[in-house]
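*Asks:* I have a structure I would like to understand better, so I am pasting it below and will then ask my questions one at a time.
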Amino acid sequence: MTGAPKDLGGSFPPGGAVSFSIRDAALADMEALREVFRRASLSNENDREPLLANPEWLALSESGVRAGRVRAAVDERDAVLGFATYLITDGVAELEDLFVDPPQMRRRIGEALVRDISDRVRALGFETLEVTANPHAMAFYEHMGFAAGRLVDTEFYPAPRMRRSTG
């Protein structure tokens, strides 16, 4: 794979395992996005108990979709395989969400979504993309070119704030 799909028509056969394209998420996708969000969130053994104890943390708002900040990886049937959301706050571009349906993990969907969001925020004039990384995902983010900086407090535990170039 040489890069992420640029828009609706770009598709990838990552390692020949699954073909997918990346497109803007629509309100009609919300049920599927919420299902992927819940399954992916609960697939992390270390987060499962606190998430189940605080079900409000498993709520996915429509605001990112309504604002055009959510990109969905979909298969040839248009089924959602994963999604990413970016947020611009105080002059900082942040990868707010990155979730891949557990059966689709390790098929380069997450990589393509990060590259797609990087392209998006670069087109908006941002040279870096930041993320607050779940510690279990550190190796993935490092693989994607993110470098750890300071620790920030989250609902679960202190987590590294990471950044990468969008270039």
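The values are calculated or read from the model by the stated rules, or taken from the named source; none is laboratory data. All values derive from a computational prediction rather than experimental measurement. When we count neighbours, we look across all protein chains shown, and the Cβ atoms used for this are built from the backbone with ideal geometry, even at glycine.
*Asks:* Taking only pairs six or more apart or across chains, which ones have beta-carbon atoms under 6 Å, a first residue in the range 86-114 that is within 15 Å of Glu35 (Cα to Cα), and a second residue that is of a type in the set (Val, Ile, Thr)?
*Replies:* Matching pairs, first to second residue: Asp97/Thr85; Phe99/Val36; Val100/Ile109; Asp101/Val36.
*Asks:* Residues to consider are Tyr86, Tyr141; find the one that is crowded, with 19+ Cβ neighbours inside 10 Å and out of contact with any helix residue (DSSP H, G or I) (no Cβ under 8 Å at 6 or more places or on another chain).
*Replies:* None of the other options fit; the residue is Tyr141.
*Asks:* Consider Leu58 against the criteria (1) over 22 Å from Ser19 (Cβ atoms); (2) at pLDDT 90 or above; (3) touching a Lys or Arg at 6+ places or on another chain (Cβ under 7 Å): it satisfies all of them except one. Which criterion is unmet?
*Replies:* Answer for Leu58: the failing condition is (2).
*Asks:* Related question: Inside the range 18-73, can you point out the residues that are without any contact (Cβ under 8 Å) to a residue 24 or more places away in the chain and over 27 Å from Thr89 (Cα atoms)?
*Replies:* Leu42, Glu45, Arg48, Glu49, Leu52, Ala53
*Asks:* What strands (runs of 3 or more DSSP E), lying completely within the range 70-167, carry at least 3 residues that are within 19 Å of Leu58 (Cα to Cα) and touching a Gly at 6+ places or on another chain (Cβ under 8 Å)?
*Replies:* Result: 80-89, 92-100.
*Asks:* Give Ala40, Ala28, Ala53 a once-over and let me know the one that is modelled with pLDDT under 95, small (Gly, Ala, Ser) and over 15 Å from the mean Cα position of the chain (by Cα).
*Replies:* Ala53 is the lone residue from the list that is modelled with pLDDT under 95, small (Gly, Ala, Ser) and over 15 Å from the mean Cα position of the chain (by Cα).
*Asks:* With the condition kept exactly as written, say whether any residue in the range 13-23 is at pLDDT 95 or above, surrounded by 13 or more Cβ atoms within 10 Å (Cβ to Cβ), within 28 Å of Pro160 (Cα to Cα) and charged (D, E, K, R).
*Replies:* The answer is no; no qualifying residue exists.
*Asks:* Just give me the residues in the range 37-63 being out of contact with any helix residue (DSSP H, G or I) (no Cβ under 9 Å at 6 or more places or on another chain), in a helix (DSSP H, G or I) and within 13 Å of Thr85 (Cβ to Cβ), in sequence order.
*Replies:* Within the range 37-63, Ser63 is the sole residue that qualifies.
*Asks:* A follow-up question, please. Tell me, which residue of the range 148-167 that is closer than 26 Å to Leu42 by Cα and under 18 Å from the mean Cα position of the chain (by Cα) is surrounded by the fewest Cβ atoms within 10 Å (Cβ to Cβ)?
*Replies:* Filtering the range 148-167 for residues that are closer than 26 Å to Leu42 by Cα and under 18 Å from the mean Cα position of the chain (by Cα), the one surrounded by the fewest Cβ atoms within 10 Å (Cβ to Cβ) comes out as Thr154.
*Asks:* Restricting attention to the range 101-130, and to residues there that are modelled with pLDDT under 95 and surrounded by 19 or more Cβ atoms within 10 Å (Cβ to Cβ), which single residue is nearest to Arg48 (Cα to Cα)?
*Replies:* Per the criteria, the residue is Gln104.
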